[in-house]
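What follows is a single structure, written as C-alpha cells, with notes after it.
FYI, it's all coordinate maths here, none of it is from the lab. Fair warning: this is a prediction, and the values are worked out from it, not measured in the lab. Here Cβ is always computed from backbone atoms with ideal geometry, including for glycine, and neighbour counts include all displayed protein chains.
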Amino acid sequence: MFISCRKEDDINPLIYLGSEISTDKSRYLPGEEVYISLSLKRSFSGEVEVKYKYLTEVIDEEIFIVNANNLNFQWQPPSDDFKAYMVEFRFLENEEPVFFASTAVDVSSDWTKFPRYGFLSVFSSDISASEIESNLDYLKRFHINGLQFYDWHNKHHFPLKMDGNSPASSWQDIAGRDISFNTVNNYIREAKARNIASMSYNLLYGAWGDFASDGVSEEWMIFDDANHQNINKHDLDDNWASDIYLLNPANSDWQNYIFQKTGQIYEHLDFSGWHLDQLGDRGSVYNYNGNLVSLKTTFTPFLINLKTTFPDKNMVMNAVNGYGQPEILEAPVNFAYTEVWEPNNTYNHFAEIINENYNLSNNYLSTVLAAYVNYNLADNTGEFNEAAVLMADAVIMSFGGAHLELGEHMLGKEYFPNNNLSLTYSLTKQLVEYYDILVGYQNLLRDGGELSFNTGITSNEVGINDWPAIHGNIAAFKKSVNNIEVYHLLNFAGINSLEWRDNDGTLTAPDEFLNFTINVPETHVTKVVYVSPDWHDGIQEELEFEISDGVCEFKIPYLKYWGMIIIV
C-alpha cells in the first residue's frame, strides 16, 4: 500500500501534494481543532493506526478500520501555546505496517515565534480564485505561516495607488508588471483563512524619480557628496519605470510621510505588517546639509518609531549580508531575516549567521535566511538541483533557522518573479518531509537550548567529526533542551563542494549510510529515538541501545542528508 506512487510526468505536485496528506491550516491557535485529510492512490482496507506525538511522547492514539481511499481525521491538540506535534499514520495488514505517512501540527498564537516564511510575487488580474486557493493550499502543505508579498506595490514612496479616497483597481510595479488590487486582497483573505500571515514588502527608504510630484522633498534624501548634487540611487535597466532614489531613514519628515502612506495600506488591505527591505552598505553618504550619515544606525530609530505608530502590526527587516543586523535587532522586530551573499558561501556560514542572530537578539528571535541556490542556473529554464536544495535546508533547519524559498515557484534569484527553475516531483515530496520535521520538532530546533560543538561522538564505521563541516565526513553537533540531548548528523561525505549556492547545479548528493554504529558519552538514558526527513516519511524510530563504560552505543538505520538522535 502506498500513496502517490505515480511517475513524475504523470502528476502535478502543486495540485496532488495538497490532497495527499494535509491539514486544514498552516498553524493553529490554542484550542482550535485540527482536520487532517489523506487521499490514497487506491482504496485501502484494514487498520490505520494514528499516533499523535509531542517529541518522543505519545500523547494520543487511535485505531480506525477503513475501506476507502479518502480518509479524514479530526484531532484536538492540547491547549498549550507554542507547541508542535507529529501525527504518524501506520497502515497495517496482518498487524504489520505496510505504509507510513506523517504530517506536523503547530499550535502557536503568534506565527513569528517559529516563522516559516514564503512569498508571493504575481498579482495580476489573470489569477483566478481557484489558482489563489491552489497556491495557498500548496504552501499550507509545507506549513508556511507567513508570506512576503514581493513587489505588490505601486511606487516605493507611494505604495498603494489611490483613485480619490479609494484604492485604484490596478497599477503597474516598477518592472511594468500589472498588479490587481483584488488579487492582492483575495490572497490576503484566503491566506488568513489558513492562518497564514501576509506581509507587505517595501523598501524603508526608496522613491521613484517623480518623487517631487507626490510630495517627497529632495531635502529628505541621502547623497553621494556633501554638496547634495547627486542623490544616492540604485540604478535599474532602462526598460524599468525608474531608478530607485534613497531617502534618509533618520529624517523625521520622511518617516512621517512613509508612515502615512503605510497607514493607507493598512486601511484598505489586511496585511499583518511590513517586510522592510534595504540595499546593503551604500558607502559614504551624506544628508542634505552635508553631514555624513551612518546609514545602519538610522535603522533602529526608524523601526522603533514605526512600531510606535503601528503597535499591532508585525515588522521584519532584511539585513543584506548582515548589514545593520545588530541595529535592526535592537528594534522590536518580530524575527531576524538575513539575505546571504558572498563571501558567506559555505554551509558553515549558515550556522554562523543563525547563531549570531540568536545571540544578537538576546537568545530570543528565530532566523529566516534568504539564500538563493543554483543562482547562475536560474538564468535559464531548467530544474533545481535536489542535492543543493536539501543540503542547504538540512543545515539551515538543523541549526534552528528557516529558508525563504517557497512561493508560487521556488526561489533561485533575489528578483522573486524569476521562475526559470522548476521543482521535480521527487524534490517536492522530499521538501514536504523537511518542513514536517521543521514544524514537528520546532521545540527542539527553535525553542532555546544550549549548543555544543564538543559532542564526543565516535564511530568505527563512518567518518565523523564535530562541527564545522569537513569535506568527506559526517559533521555532528549537539543541543541540550530541557533535559533532552539532541545530536544532529549532517552528511558531507560524497558531496563535491562545501559551498551552498551551487551556482551551476553541479553539487553531488551525499553518500547513503545504512545501519552504522554510533557511540555517544551518555549514561542516563531511558530512550534513544532517531528521526530524519530522508527516512520513513519522517516517522521516528526508537533504537535499541547499550551503555558500557560511560558510553551509549546504538545503530543509526539510515543517513543521507540530515538525521537527529534524540536521547531522553
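Descriptive notes on the structure:
- Couplings for the stretch 302-316, taken from phi via the Karplus curve 6.51 cos²θ - 1.76 cosθ + 1.60 with θ = phi - 60°, read 4, 5, 5, 5, 4, 5, 5, 6, 10, x, 9, 9, 6, 8, 9 Hz in order; Gly and Pro are left as x.
- Using θ = phi - 60° and Karplus 6.51 cos²θ - 1.76 cosθ + 1.60, couplings along the stretch 38-53 (whole Hz; Gly, Pro as x): 10, 10, 9, 5, 9, 5, 10, 10, x, 8, 10, 9, 10, 10, 9, 10
- Formal net charge of residues neighbouring Ser480 (Cβ-Cβ distance under 13 Å; K, R +1; D, E -1): -2
- Between Ser134 and Ser43, the modelled label-to-label distance comes to 2.9 nm, taking each label 7 Å out from Cα in the direction of the beta carbon.
- Under-5 Å amide H pairs with Val285, H placed in peptide plane, nonlocal only: Val293
- The alpha carbons of the chain occupy a box of 78, 51, 45 Å along the principal axes, longest dimension given first.
- Amide hydrogen neighbours beyond the local backbone of Leu543, cut-off 5 Å, H modeled: Val528, Val529, Tyr530
- Electrostatic bookkeeping for Asn67 treats Lys and Arg as +1 and Asp and Glu as -1; over the other residues with beta carbon under 12 Å from its beta carbon, the sum is 0.
- Each Lys and Arg contributes +1 and each Asp and Glu -1, all at the Cβ; summed about the Cα centre of the chain, the dipole is approximately 800 debye.
- Label-to-label distance, nm, for residues given as Ser548 and Asp210 (7 Å Cα→Cβ offset): 8.0
- Mean separation of Cα contacts under 8 Å (6+ apart) over length of the chain, as relative contact order %: 11
- The 3J(HN,Hα) values that the Karplus relation (6.51, -1.76, 1.60; θ = phi - 60°) gives for the stretch 502-515 are, in residue order, 6, 3, 9, x, 10, 4, 8, 6, x, 5, 9, 10, 10, 6 Hz. Gly and Pro appear as x.
- FRET efficiency for Glu93 and Ser124, using Cβ-Cβ distance with R0 set to 45 Å, rounded to 0.05: 0.35
- Long-range tail of P(r) for the stretch 8-107 (Cα pairs > 16 Å, %): 59
- Distance in nm between pseudo-label sites at Asn420 and Trp75 (7 Å out along the Cβ direction from Cα): 4.2
- Principal axis extents of the C-alpha atoms in the stretch 382-448 (largest first, rounded to whole Å): 38, 25, 18.
- Amide H partners (placed H, <5 Å) of Lys83, local residues excluded: Val107
- A simple count of charges around Asn230, restricted to other residues whose Cβ falls under 13 Å of its Cβ and scoring Lys, Arg +1 and Asp, Glu -1, yields -3.
- Value of relative contact order over the stretch 450-567, rounded to a whole percent, pairs C-alpha under 8 Å and six or more apart: 26
- R0 of 56 Å, Cβ-Cβ distance Phe100-Ser294: FRET efficiency to nearest 0.05: 0.50
- Relative to the globular-protein estimate of 2.2 N^0.38 Å, the Cα radius of gyration of the stretch 439-568 stands at 1.05.
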